[in-house]
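Down below is the structure, laid out as structure tokens.
The values are calculated or read from the model by the stated rules, or taken from the named source; none is laboratory data. Just so it is clear, the structure is predicted and the values come from calculations on it, not from any experiment. Cβ placement follows ideal geometry from the backbone for every residue including glycine, while neighbour counts extend to all protein chains displayed.
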Amino acid sequence: MSAMSLEAMVGRQLIVGLPGPDATDDDLRLLRDIHAGGLMLYRRNFETSERFVRFITRLEEGLGRRLLITTDHEGGRIIMLHRGVTIFPDNLTAGTAGNEAMVARQGLIEGRELRRLGVDVSFGPCLDVLTERYSPNIGIRSYGKDPAVVARFGAARIHGMQSAGLSACAKHFPGKGHAPVDAHLGLPVIDSDWGDMHAVHLVPFMAAMEAGVDCIMTSHPLYPNLDPAQRMPATFSKLIVEDYLRGQVGYRGVIVSDDLEMGAVGALCPMGEAAVRTAGAGHDLLLVCHTAPAQRAAYAAVLAAYRDKALPLRALERSMARLDTLDAKRSERFTGGEPRAERDGGALAKAMAARAVMVVAPPDARWRPALNGRVLAIFPRLSSLAARITIEPAMQDEAGYLRESMAPHGVEPEVAVVGVEPTAEEIEGARVAAAAADATVLFLYDAHLYTSNRALLEACQAGARRLAVVLMRDPWDAEYLAPGVAALTAYGWRRCQLDAVMARLLT
């Protein structure tokens, strides 16, 4: 029997999110009340490295115990901590660049940078395999469509991260690269059978386990051909988690749920029931990342289930042993000195992006001469997203960024900044401006997700004399391109990626 109380053991399984960048009395009260074992960090918790270090330190000093500090640091569009770290491109960029040594080095750099900030576990890499089916949530977060490539690159990244003392977490088991719905918003159904999963989607997870990955995160979709029980996502499935991953495959590391406050889970049942079912499926850590009422409900329901013997105490004690092993990997909170980005990180990020630039449709012979005339650049107002996701400081001045990045190529653009979801007036203004310009570069954010961006693309295609489209967030937008329109992508919109695209397009 563990020396910990039942309340402390149940709370230790909870990874929670807090609302702001400073540790408040309310935060400490919540963590004490539910005995929360860990913290999930978001953009909202991070303003500067110094403030962030104070945030963690005050929480742990106030509680008188260690927390498990976790975050999503996939690279590309999924980056929460944004100072003192290198902003690497998305996994699809890395997979397209095709160099495993670069990915291993990326993992090592990430590990060193995050350990300086006090992070124990990064929820990555994303090991979902893409298919021909459109994936609204995974997309550029994946290393690609070839399971062998995803496996090799995932293992390389894991080795790099963990050699620096940062625990990796492979996700989203058993694989959701072909999920037709974003689990943040709704409940995906994946109809693959075990044969398809073993041939494609499980391959990278087997490689991650061989690489010694410390944690694996499960996913929220329904897999009716893996577990035929009604309304049984992988998160709740004892068959998939305990019987298959823990039993048949023999994984001995920590199994983590995805965030239980996602829409996919909310569509099935209340939070308390969701937490009990997730614990019962065989998870060691339960993520409840956003609101105190949900976090309190999860704790109360799981505690009651153990008290009533609806959940077996022996399984909870085995989870405690696995968490002891995870905690024992790091004796110190901050290692490696003051928070700072590694000296060679930026150069590596740029090299990966440059190798990955894909010319989807080449410019015609008249494109280069057109750049000597009036050039219009249409760009989304990324600064409007900065309150909730990481936007690099240079790119929060969109017009200034474009002029600075295009100047080395001899181009002085006129800049039109439009909404991430452009208005009808912005779309019409872009059409008129494109008709007056000799060449137009449209930085297209996502025409699959936002119908207004598809309308913007169509307006530019109808009005521009010469048009090149930079596919920023979703390279699958290429299906909407008209004949004769040039298009390029580096599989994402971080500065290193867009700079690499412009170097190819403008020279």
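Quick look at the values:
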| quantity | calculated |
| --- | --- |
| Qualifying positions in the range 483-502 - closer than 16 Å to A377 by Cα and not in a helix (DSSP H, G or I) | V485, A486, A487, L488, T489, W493 |
| R431 vs. criteria over 18 Å from W493 (Cα atoms), part of a helix (DSSP H, G or I) and of a type in the set (K, R) | yes |
| Residues satisfying the stated conditions in the range 337-378, i.e. assigned to a loop (DSSP other than H, G, I, E, B) and over 25 Å from the mean Cα position of the chain (by Cα) | G337, E338, P362, P363, D364, A365, R366, L371, N372, G373, R374 |
| Residue within the range 401-414 that is under 28 Å from the mean Cα position of the chain (by Cα), in contact (Cβ under 8 Å) with a residue 60 or more places away in the chain and not assigned by TED's automatic domain parsing to the domain that holds A97 present | yes |
| Selection status of A168, crowded, with 22+ Cβ neighbours inside 10 Å, touching a residue at least 60 places away in the same chain (Cβ under 8 Å), closer than 27 Å to K329 by Cα and of a type in the set (A, V, I, L, M) | yes |
| Subset tally (residues that are over 17 Å from M472 (Cβ atoms) and small (G, A, S)) for the range 355-379 | 3 |
| Matching residues, the range 434-458, being within 30 Å of the chain's Cα centre (by Cα) and part of a helix (DSSP H, G or I) | T451, S452, N453, R454, A455, L456, L457, E458 |
| Every residue from the range 194-252 that is under 25 Å from the mean Cα position of the chain (by Cα) and either small (G, A, S) or outside the structural domain of H178 (by TED's automatic domain parsing) (or both) | A199, A207, A208, A211, G212, S219, A234, S237 |
| Of all residues making up the range 486-504, the number that are surrounded by fewer than 22 Cβ atoms within 10 Å (Cβ to Cβ), over 23 Å from the mean Cα position of the chain (by Cα) and not small (G, A, S) | 1 |
| Scan of the range 19-53 for residues that are among the aliphatic types (A, V, I, L, M) and in contact (Cβ under 8 Å) with a residue 40 or more places away in the chain, ordered by number | L30, I34, A36, M40, L41, V53 |
| Criterion (out of contact with any strand residue (DSSP E or B) (no Cβ under 8 Å at 6 or more places or on another chain), among the small types (G, A, S) and under 18 Å from L166 (Cβ atoms)) met by exactly one of G253, G280, G345, G263 | G345 |
| Meets criteria (out of contact with any strand residue (DSSP E or B) (no Cβ under 7 Å at 6 or more places or on another chain), more than 30 Å from P312 (Cβ to Cβ) and of a type in the set (A, V, I, L, M, F, W, C)) for V10 | no |
| Check on S135, under 22 Å from H283 (Cα atoms) and within 18 Å of the chain's Cα centre (by Cα) | no |
| Residues of the range 286-318 satisfying the condition of being small (G, A, S) and either outside the structural domain of G272 (by TED's automatic domain parsing) or in a helix (DSSP H, G or I) (or both) | A292, A294, A297, A298, A300, A301, A304, A305, A315 |
| Selected residue (criterion: nearest to Q497 (Cα to Cα)) from residues of the range 61-71 that are outside any loop (DSSP other than H, G, I, E, B) and under 26 Å from the mean Cα position of the chain (by Cα) | T71 |
| Filter result (of a type in the set (A, V, I, L, M) and modelled with pLDDT of 95 or more) within the range 132-174 | A148, V149, V150, A151, A155, A156, I158, M161, A164, L166, A168, A170 |
| Any hit, the range 7-27, residues being under 16 Å from E61 (Cβ atoms), polar (S, T, N, Q) and surrounded by fewer than 23 Cβ atoms within 10 Å (Cβ to Cβ) | yes |
| One residue from G98, G111, G76 being surrounded by 20 or more Cβ atoms within 10 Å (Cβ to Cβ) and closer than 22 Å to I138 by Cα | G76 |
| Residues that are of a type in the set (A, V, I, L, M, F, W, C), in a helix (DSSP H, G or I) and surrounded by 14 or more Cβ atoms within 10 Å (Cβ to Cβ), drawn from the range 319-336 | M320, L323, L326 |
| Residue list for the range 416-443, filter: among the β-branched types (V, I, T) and within 19 Å of W367 (Cβ to Cβ) | T440, V441 |
